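Below: one structure, written as structure tokens.
The values are calculated or read from the model by the stated rules, or taken from the named source; none is laboratory data. This is a predicted model, so every value here is computed, not measured. As a convention, Cβ positions derive from the backbone with ideal geometry for all residues, glycine included, and neighbour counts pool all protein chains shown.
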Amino acid sequence: MTHPPGGPNRAEKQQPRTGKGRPLRDPGIQGMTAFSDIGDLPERAANLAARLSECDICPRICRVNRKAGERGVCGVGKNVAVASFGPHFGEEAPLVGYKGSGTVFFSGCNLRCVFCQNYEISHQVEGSEVSAERLAGIFLSIRSMGCHNLNLVTPTHVTPQVLEALSIAASRGLAIPVVYNCGGYESVDTLRQLEGVVDIYMPDVKFLDAEAAARYCDAPDYPEVVRAALAEMARQVGPLSLDRHGIARRGLLVRHLVMPGEASTTREVIDFLADGIGKDTYLNLMNQYRPCGRALEFPEIGRRTAESEWREARDYALRKGLSRLDGL
């Protein structure tokens, strides 16, 4: 789970980490704007934007007219709201490298996680509305800061606006890998519009139980949706590949937050990744859970995850053959 570094355009004051992990290959991929021109990006952006008039961008299918300013579950209307942007050194090692990951935090979210650690941004939609032109400028500033990648944090509900801004930035020379850092609650139809645009997919897989998904995210269909979404992401980009410096260039990087008890159905998630996606999946088993947002209203998740619970999850992942664990 990515946390903002403190405010608009404020970089997190941490020491950069060196990239770790076992590269599958060094393909020399240059990022989504390695194409010689911007191709059909404007057309794709326009097609997605047209869908905002009866919004079906994500699995909520709210059918509100966001072009007219109406807001659905995500809490965002026509314009993107940005909470912060800049180099971030708290991400996974292959993203951070030695120059940082260029995060852009979008306000609002299509999931309503009661334990959200970015509650003010995701639930209360704190941030400043920006135009596509301004957003393109932010993307280009990330490149100018020297970041290894453009890390789009919680972009699901603003994919049309992001694609429009990317088409503008690409025409002006944006040439770093694009990271789609999301909660996993994605429409496959929307993801297909991102093929060839997104270099690195970084979804959370929160849980694979309908009751848990309904209780904690108000999304009982989350398990089936996230399974289909990850299959599509894996089809598009394959396993995570690193360059000779250990910096991510392309592929799938999965996050799973280990929660107290059985709340996050961790074994089921690990089984799905190992057996359904592939044992070469790069996985970050996160041990940072703490009660945030409304979590204290749910006694079973009203405590931190114990170190023993995280170690048990890690050991199970290794037994299942998932050896590409972040930090190992």
(request) Evaluate region 170-180: report whether one residue or more is modelled with pLDDT under 95 and under 16 Å from the mean Cα position of the chain (by Cα). (result) no
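Please verify whether G184 is on the phi > 0 side of the Ramachandran plot and in contact with a Pro (Cβ under 7 Å, 6 or more places away or on another chain), treating the condition exactly as stated. Give the derivation first.
Working: on the phi > 0 side of the Ramachandran plot: yes; in contact with a Pro (Cβ under 7 Å, 6 or more places away or on another chain): yes.
Judged against the criteria, G184 is a match.
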(request) State the number of residues belonging to region 155-175 that are surrounded by fewer than 24 Cβ atoms within 10 Å (Cβ to Cβ) and of a type in the set (V, I, T). (result) 1
(request) Report, by residue number, each residue of region 116-130 that is farther than 23 Å from I61 by Cα and either surrounded by 24 or more Cβ atoms within 10 Å (Cβ to Cβ) or out of contact with any strand residue (DSSP E or B) (no Cβ under 8 Å at 6 or more places or on another chain) (or both). (result) Q117, E120
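Quick check, is Y185 closer than 24 Å to G39 by Cα and in contact (Cβ under 8 Å) with a residue 12 or more places away in the chain? Let's see the steps before the verdict.
Numbers: closer than 24 Å to G39 by Cα: no; in contact (Cβ under 8 Å) with a residue 12 or more places away in the chain: yes.
The answer is no for Y185.
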(message) Considering only residues that are crowded, with 21+ Cβ neighbours inside 10 Å and without any contact (Cβ under 8 Å) to a residue 40 or more places away in the chain, which ones fall in region 203-221?
(response) A213
(request) Go through (1) surrounded by fewer than 22 Cβ atoms within 10 Å (Cβ to Cβ); (2) among the aliphatic types (A, V, I, L, M); (3) in contact with a helix residue (DSSP H, G or I) (Cβ under 6 Å, 6 or more places away or on another chain) and name the single condition A317 misses. (result) (1)
(message) Quick test of your reading of the structure: R71 fulfils all but one of (1) closer than 16 Å to I57 by Cα; (2) surrounded by fewer than 24 Cβ atoms within 10 Å (Cβ to Cβ); (3) in contact (Cβ under 8 Å) with a residue 12 or more places away in the chain. Name the failing condition by number.
(response) (3)
(request) Could you tell me which numbered condition L285 fails, if it satisfies all but one of (1) among the hydrophobic types (A, V, I, L, M, F, W, C); (2) part of a strand (DSSP E or B); (3) in contact with a Pro (Cβ under 8 Å, 6 or more places away or on another chain)? (result) (3)
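Is at least one residue of region 302-316 small (G, A, S) and in contact with a strand residue (DSSP E or B) (Cβ under 6 Å, 6 or more places away or on another chain)? Break it down into steps so the answer makes sense when it comes.
Our first condition is that a residue be small (G, A, S); within region 302-316, this holds for 302, 306, 308, 313.
The next check asks that each one be in contact with a strand residue (DSSP E or B) (Cβ under 6 Å, 6 or more places away or on another chain); those that pass are 313.
Yes, there is a match, as at least one residue in region 302-316 is small (G, A, S) and in contact with a strand residue (DSSP E or B) (Cβ under 6 Å, 6 or more places away or on another chain).
Is region 299-313 home to any residue that is within 16 Å of the chain's Cα centre (by Cα), within 25 Å of Q124 (Cβ to Cβ) and either surrounded by 22 or more Cβ atoms within 10 Å (Cβ to Cβ) or touching a residue at least 24 places away in the same chain (Cβ under 8 Å) (or both)?
So the first thing to find is which residues in region 299-313 are within 16 Å of the chain's Cα centre (by Cα), and the list is none.
No, region 299-313 contains no residue that is within 16 Å of the chain's Cα centre (by Cα), within 25 Å of Q124 (Cβ to Cβ) and either surrounded by 22 or more Cβ atoms within 10 Å (Cβ to Cβ) or touching a residue at least 24 places away in the same chain (Cβ under 8 Å) (or both).
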(message) Being in contact with a helix residue (DSSP H, G or I) (Cβ under 9 Å, 6 or more places away or on another chain), among the charged types (D, E, K, R) and more than 23 Å from A229 (Cβ to Cβ) is the requirement here; does K99 meet it?
(response) no
(message) Of all residues being of a type in the set (A, V, I, L, M) and closer than 30 Å to L208 by Cα in region 176-194, which is surrounded by the most Cβ atoms within 10 Å (Cβ to Cβ)? Just the residue, please.
(response) V179
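Within region 123-135, restricting attention to residues that are among the charged types (D, E, K, R) and not in a helix (DSSP H, G or I), which residue is farthest from L191 (Cα to Cα)? Give the steps one after another, and end with the answer.
Taking region 123-135 as the starting set, the residues that turn out to be among the charged types (D, E, K, R) are 126, 129, 133-134.
Of the ones still in play, those that are also not in a helix (DSSP H, G or I) are 126, 129.
Details: E126: 26, E129: 24 Å.
The selected residue is E126.
Condition check ((1) part of a loop (DSSP other than H, G, I, E, B); (2) of a type in the set (K, R); (3) surrounded by fewer than 23 Cβ atoms within 10 Å (Cβ to Cβ); (4) without any contact (Cβ under 8 Å) to a residue 40 or more places away in the chain) across all residues:
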{"position": "G39", "(1), (2), (3), (4)": "yes, no, yes, no"}
{"position": "R63", "(1), (2), (3), (4)": "yes, yes, yes, yes"}
{"position": "G86", "(1), (2), (3), (4)": "no, no, no, no"}
{"position": "Y98", "(1), (2), (3), (4)": "yes, no, yes, no"}
{"position": "C109", "(1), (2), (3), (4)": "yes, no, no, no"}
